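Report on the following structure.
The values are calculated or read from the model by the stated rules, or taken from the named source; none is laboratory data. Since we're looking at a predicted model, the values are computed, not measured. Using ideal geometry, Cβ is built from the backbone for each residue, glycine included, and neighbour counts are taken over all protein chains shown.
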Amino acid sequence: MGWPLFGLARARGSLLATLVAMLGLGLSPPASAQGQAGSAAKGQAIFESRCGACHSLDTHRVGPALGSVLGRAAGKALGFGYSQALGAARHVWDRDKLLAWLTDPESVVPGQAMGYRLEQAEDRRDVVAYLASLAKR
Ligand code: HEC
C-alpha cells in the first residue's frame with residue numbers, strides 16, 4: 001500500500017509545482033519597457049503614499065527607518081522596538097526578501113508585527129527599486 005500512496009504524493013507534489021510555476025508566469029509582467037527591475041520613480045510615489053504613514057527614510061516611526069534597509073540585517077536597526085519575531089530574524093534584506101516581505105510579511109517572519117502588504121507585483125518591484133536606488137547613493 002505504501003508505494004501507490006507515495007506515488008500519489010509525488011504526483012501531487014509535481015502538480016503543485018506546475019501550478020506554482022504557472023502562477024509565477026501569470027504574475028510576471030508582460031515584457032514592458034520597465035522590465036523586471038521596477039521603476040524607482042514610481043516606487044518613490046508608492047513609498048510616500050503607502051508606506052509613509054508608518055515609515056520614513058531616516059527616522060523610526062511606527063515602523064523602522066527604511067533609507068538603508070537594503071543590505072541591512074532584518075530586525076536590527078538600532079533604537080527601534082521590533083516584535084520579538086522580527087528581532088530574532090537571521091536574514092539580510094536583499095531584493096528577493098523585500099519582495100517576499102511586501103507580498104506577505106507573515107510568510108517571511110511568522111509572528112512579525114507589520115500588518116500591511118502590497119497586492120500588486122508591479123508596485124512591489126517599484127518600491128524595492130526605489131529602496132535599492134537609495135542604497136546606491
Ligand atoms: C501600518 C503601518 C505600516 C505600514 C503601512 C508599512 N509598514 Fe513596514 N513595518 C511596520 C512595522 C510596525 C514594522 C516592524 C515589524 C516588527 O517589528 O515585526 C515594519 C517593518 C518593515 C520592514 C523590516 C525592516 C527591518 O529593519 O527589518 C520593512 C522592510 C518594511 N517594513 C517595509 C515596508 C514598506 C516598503 C512599506 C510600504 C509598502 C511598509 N513597510 C508599510 C509598519 C508598517
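Does Arg125 fit the bill of being buried (at least 16 other Cβ atoms within 10 Å of the Cβ) and at pLDDT 95 or above?
Taking the combined requirement at face value, the residue satisfies it.
If a residue must be touching a residue at least 24 places away in the same chain (Cβ under 8 Å) and at negative phi, how many such residues does the stretch 100-123 contain? Count: 11. Going by what's in this entry, would Ser49 be described as assigned to a loop (DSSP other than H, G, I, E, B) and assigned by TED's automatic domain parsing to the domain that holds Asp123? So Ser49 does not fit the description; no.
Checked against (1) of a type outside the set (Phe, Trp, Tyr); (2) more than 18 Å from the chain's Cα centre (by Cα); (3) at pLDDT below 95, Val62 meets all criteria but (3).
Taken over the stretch 58-113, the criterion of being more than 8 Å from the ligand (Cβ to nearest atom), among the polar types (S, T, N, Q) and in a loop (DSSP other than H, G, I, E, B) is satisfied by Thr59, Ser68. Ser49 satisfies every condition listed in (1) closer than 20 Å to Leu118 by Cα; (2) more than 6 Å from the ligand (Cβ to nearest atom); (3) buried (at least 16 other Cβ atoms within 10 Å of the Cβ) except (3).
Could you list all residues from the stretch 86-99 that are surrounded by 15 or more Cβ atoms within 10 Å (Cβ to Cβ) and either in contact (Cβ under 8 Å) with a residue 40 or more places away in the chain or aliphatic (A, V, I, L, M) (or both)? Residues satisfying the conditions are Leu86, Ala89, Leu98, Leu99.
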